Amino acid sequence: MAELLTLVRPGLPPPAVRVPAGYTLRACSPDDVEPLGDLYFASYDPGVASATREEAVADIRAAFAGEYGELWPEASLVVETGAGGLVGAVQVVRRAPWPDTPNCPFVIELFTDRAHRRRGLGRTLIAAALDVTRSRMALRVADGNGAALNLYRGLGFEPVG
(Lines give C-alpha, C1' and ligand atoms only; values in the text may rest on other atoms or scores of the structure.)
Protein backbone atom coordinates (compact mmCIF):
# COMPACT_ATOMS: atom_id res chain seq x y z
CA MET A 1 0.00 0.00 0.00
CA ALA A 2 1.27 3.46 -0.89
CA GLU A 3 2.34 5.82 1.85
CA LEU A 4 0.84 9.30 1.91
CA LEU A 5 3.28 12.18 1.83
CA THR A 6 2.36 15.60 3.17
CA LEU A 7 3.66 18.39 0.96
CA VAL A 8 3.58 22.10 1.66
CA ARG A 9 4.14 25.07 -0.58
CA PRO A 10 5.65 28.08 1.18
CA GLY A 11 3.87 31.40 0.89
CA LEU A 12 5.48 32.20 -2.45
CA PRO A 13 3.73 34.35 -5.04
CA PRO A 14 1.20 32.19 -6.88
CA PRO A 15 2.07 30.90 -10.34
CA ALA A 16 0.29 32.33 -13.36
CA VAL A 17 -3.16 30.87 -13.97
CA ARG A 18 -3.47 29.68 -17.55
CA VAL A 19 -6.75 28.06 -18.47
CA PRO A 20 -6.27 25.83 -21.53
CA ALA A 21 -8.30 26.71 -24.62
CA GLY A 22 -11.76 25.17 -24.66
CA TYR A 23 -12.13 25.18 -20.86
CA THR A 24 -13.50 27.59 -18.27
CA LEU A 25 -12.70 27.90 -14.59
CA ARG A 26 -15.13 28.86 -11.84
CA ALA A 27 -15.75 28.45 -8.12
CA CYS A 28 -17.72 25.36 -7.19
CA SER A 29 -21.10 25.61 -5.51
CA PRO A 30 -23.42 23.28 -3.59
CA ASP A 31 -25.33 22.84 -6.88
CA ASP A 32 -22.26 20.95 -8.14
CA VAL A 33 -22.48 18.13 -5.58
CA GLU A 34 -24.03 15.52 -7.88
CA PRO A 35 -21.88 16.23 -10.97
CA LEU A 36 -18.77 16.50 -8.77
CA GLY A 37 -19.64 13.13 -7.23
CA ASP A 38 -19.99 11.61 -10.68
CA LEU A 39 -16.65 13.09 -11.77
CA TYR A 40 -14.96 12.03 -8.52
CA PHE A 41 -16.15 8.45 -8.93
CA ALA A 42 -15.17 8.29 -12.61
CA SER A 43 -11.73 9.82 -12.00
CA TYR A 44 -10.44 6.91 -9.91
CA ASP A 45 -10.45 3.16 -10.19
CA PRO A 46 -13.34 1.69 -8.16
CA GLY A 47 -12.43 1.45 -4.50
CA VAL A 48 -9.58 3.96 -4.65
CA ALA A 49 -11.61 7.04 -3.68
CA SER A 50 -14.99 5.36 -3.27
CA ALA A 51 -16.51 2.01 -4.07
CA THR A 52 -19.73 3.33 -5.61
CA ARG A 53 -21.10 6.47 -7.22
CA GLU A 54 -23.34 6.98 -4.18
CA GLU A 55 -20.30 6.92 -1.86
CA ALA A 56 -18.53 9.43 -4.11
CA VAL A 57 -21.49 11.82 -4.01
CA ALA A 58 -21.72 11.38 -0.23
CA ASP A 59 -18.01 12.20 0.08
CA ILE A 60 -18.42 15.40 -1.95
CA ARG A 61 -21.49 16.31 0.13
CA ALA A 62 -19.41 15.71 3.29
CA ALA A 63 -16.74 18.10 1.98
CA PHE A 64 -19.36 20.82 1.48
CA ALA A 65 -20.69 20.11 4.99
CA GLY A 66 -17.24 20.73 6.51
CA GLU A 67 -16.40 17.19 7.54
CA TYR A 68 -12.83 17.61 6.22
CA GLY A 69 -12.44 21.18 7.43
CA GLU A 70 -14.18 24.39 6.45
CA LEU A 71 -14.44 24.36 2.66
CA TRP A 72 -13.03 27.53 1.11
CA PRO A 73 -15.58 28.10 -1.68
CA GLU A 74 -13.57 30.66 -3.66
CA ALA A 75 -10.50 28.40 -3.65
CA SER A 76 -12.48 25.23 -4.43
CA LEU A 77 -12.73 25.38 -8.18
CA VAL A 78 -14.05 23.40 -11.11
CA VAL A 79 -13.03 23.25 -14.76
CA GLU A 80 -15.76 22.92 -17.37
CA THR A 81 -15.68 22.18 -21.07
CA GLY A 82 -17.27 24.61 -23.48
CA ALA A 83 -20.40 22.47 -23.30
CA GLY A 84 -20.56 22.98 -19.52
CA GLY A 85 -19.56 19.51 -18.34
CA LEU A 86 -17.30 19.29 -15.29
CA VAL A 87 -13.92 17.74 -16.10
CA GLY A 88 -11.76 18.75 -13.14
CA ALA A 89 -11.96 20.02 -9.58
CA VAL A 90 -9.91 21.07 -6.60
CA GLN A 91 -11.36 21.22 -3.10
CA VAL A 92 -9.55 23.38 -0.56
CA VAL A 93 -10.31 23.76 3.14
CA ARG A 94 -9.11 26.65 5.26
CA ARG A 95 -7.41 24.18 7.63
CA ALA A 96 -7.43 20.38 7.63
CA PRO A 97 -8.91 18.82 10.78
CA TRP A 98 -6.17 16.22 11.19
CA PRO A 99 -3.58 16.95 13.90
CA ASP A 100 -0.59 15.99 11.74
CA THR A 101 -1.27 18.53 8.98
CA PRO A 102 0.22 22.02 8.65
CA ASN A 103 -1.85 24.96 9.87
CA CYS A 104 -2.68 26.45 6.47
CA PRO A 105 -5.10 25.96 3.59
CA PHE A 106 -5.18 22.31 2.59
CA VAL A 107 -6.12 20.60 -0.68
CA ILE A 108 -8.41 17.74 0.26
CA GLU A 109 -8.99 16.65 -3.36
CA LEU A 110 -7.75 17.29 -6.87
CA PHE A 111 -9.22 15.18 -9.65
CA THR A 112 -9.72 15.30 -13.40
CA ASP A 113 -11.71 13.32 -15.90
CA ARG A 114 -9.52 10.58 -17.37
CA ALA A 115 -10.21 11.81 -20.92
CA HIS A 116 -8.99 15.31 -20.04
CA ARG A 117 -5.72 14.48 -18.28
CA ARG A 118 -2.31 15.73 -19.42
CA ARG A 119 -3.80 19.04 -20.58
CA GLY A 120 -2.67 21.21 -17.69
CA LEU A 121 -5.98 21.20 -15.84
CA GLY A 122 -4.51 20.04 -12.52
CA ARG A 123 -1.87 22.76 -12.69
CA THR A 124 -4.53 25.33 -13.59
CA LEU A 125 -6.71 24.31 -10.63
CA ILE A 126 -3.86 24.41 -8.09
CA ALA A 127 -2.48 27.70 -9.47
CA ALA A 128 -5.93 29.28 -9.29
CA ALA A 129 -6.46 28.02 -5.73
CA LEU A 130 -3.07 29.47 -4.74
CA ASP A 131 -4.09 32.75 -6.35
CA VAL A 132 -7.15 32.85 -4.08
CA THR A 133 -5.47 31.77 -0.83
CA ARG A 134 -2.26 33.82 -1.25
CA SER A 135 -0.61 31.78 1.51
CA ARG A 136 1.12 28.53 2.26
CA MET A 137 -0.84 25.51 1.12
CA ALA A 138 -0.52 21.84 1.93
CA LEU A 139 -1.80 18.55 0.56
CA ARG A 140 -1.26 14.82 0.70
CA VAL A 141 -0.24 12.57 -2.15
CA ALA A 142 0.58 8.88 -2.49
CA ASP A 143 4.34 8.39 -2.67
CA GLY A 144 3.91 6.21 -5.76
CA ASN A 145 1.91 8.77 -7.73
CA GLY A 146 4.73 10.09 -9.89
CA ALA A 147 2.54 12.30 -12.10
CA ALA A 148 1.01 14.07 -9.10
CA LEU A 149 4.37 14.41 -7.35
CA ASN A 150 5.87 15.99 -10.48
CA LEU A 151 2.94 18.40 -10.72
CA TYR A 152 3.18 19.46 -7.09
CA ARG A 153 6.97 19.74 -7.04
CA GLY A 154 6.80 21.81 -10.24
CA LEU A 155 4.48 24.21 -8.41
CA GLY A 156 6.86 24.56 -5.45
CA PHE A 157 5.45 22.01 -3.00
CA GLU A 158 8.01 20.30 -0.78
CA PRO A 159 7.81 17.42 1.70
CA VAL A 160 6.99 18.46 5.28
CA GLY A 161 9.93 18.02 7.64
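The values are calculated or read from the model by the stated rules, or taken from the named source; none is laboratory data. Given the structure is predicted, the values throughout are model-derived calculations rather than measurements. FYI the Cβ positions are ideal-geometry reconstructions off the backbone, even for glycines, and counts take in every protein chain you see. The area values use the complete protein model at the heavy-atom level, side chains included, leaving out ligands, DNA and RNA. Shrake-Rupley method; radii C 1.70, N 1.55, O 1.52, S 1.80 Å.
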- Pro13 passes all but one of the listed conditions (1) open to solvent by 70 Å² or more (accessible area, probe 1.4 Å); (2) touching a Ser or Thr at 6+ places or on another chain (Cβ under 6 Å); (3) not basic (Lys, Arg); the exception is number (2)
- Query: When only residues in segment 105-139 that are farther than 20 Å from Leu39 by Cβ and among the hydroxyl-bearing types (Ser, Thr, Tyr) count, which is least open to solvent (accessible area, probe 1.4 Å)?
  - Reply: Thr133
- Query: Restricting to segment 76-112, what's the tally of residues that are under 20 Å from Glu158 (Cβ atoms) and of a type in the set (Gly, Ala, Ser)?
  - Reply: 1
- Query: Can you name the residue in segment 60-95 that is assigned to a loop (DSSP other than H, G, I, E, B) and at pLDDT below 95 and, of all such residues, is most open to solvent (accessible area, probe 1.4 Å)?
  - Reply: Ala83
- Task: Working only within segment 7-23, note down all residues that are out of contact with any helix residue (DSSP H, G or I) (no Cβ under 6 Å at 6 or more places or on another chain) and modelled with pLDDT of 95 or more.
- Result: Val8, Arg9, Tyr23
- Inspect all residues belonging to segment 29-45 and state whether any of them is open to solvent by less than 50 Å² (accessible area, probe 1.4 Å), out of contact with any Phe, Trp or Tyr (no Cβ under 7 Å at 6 or more places or on another chain) and in a strand (DSSP E or B). no
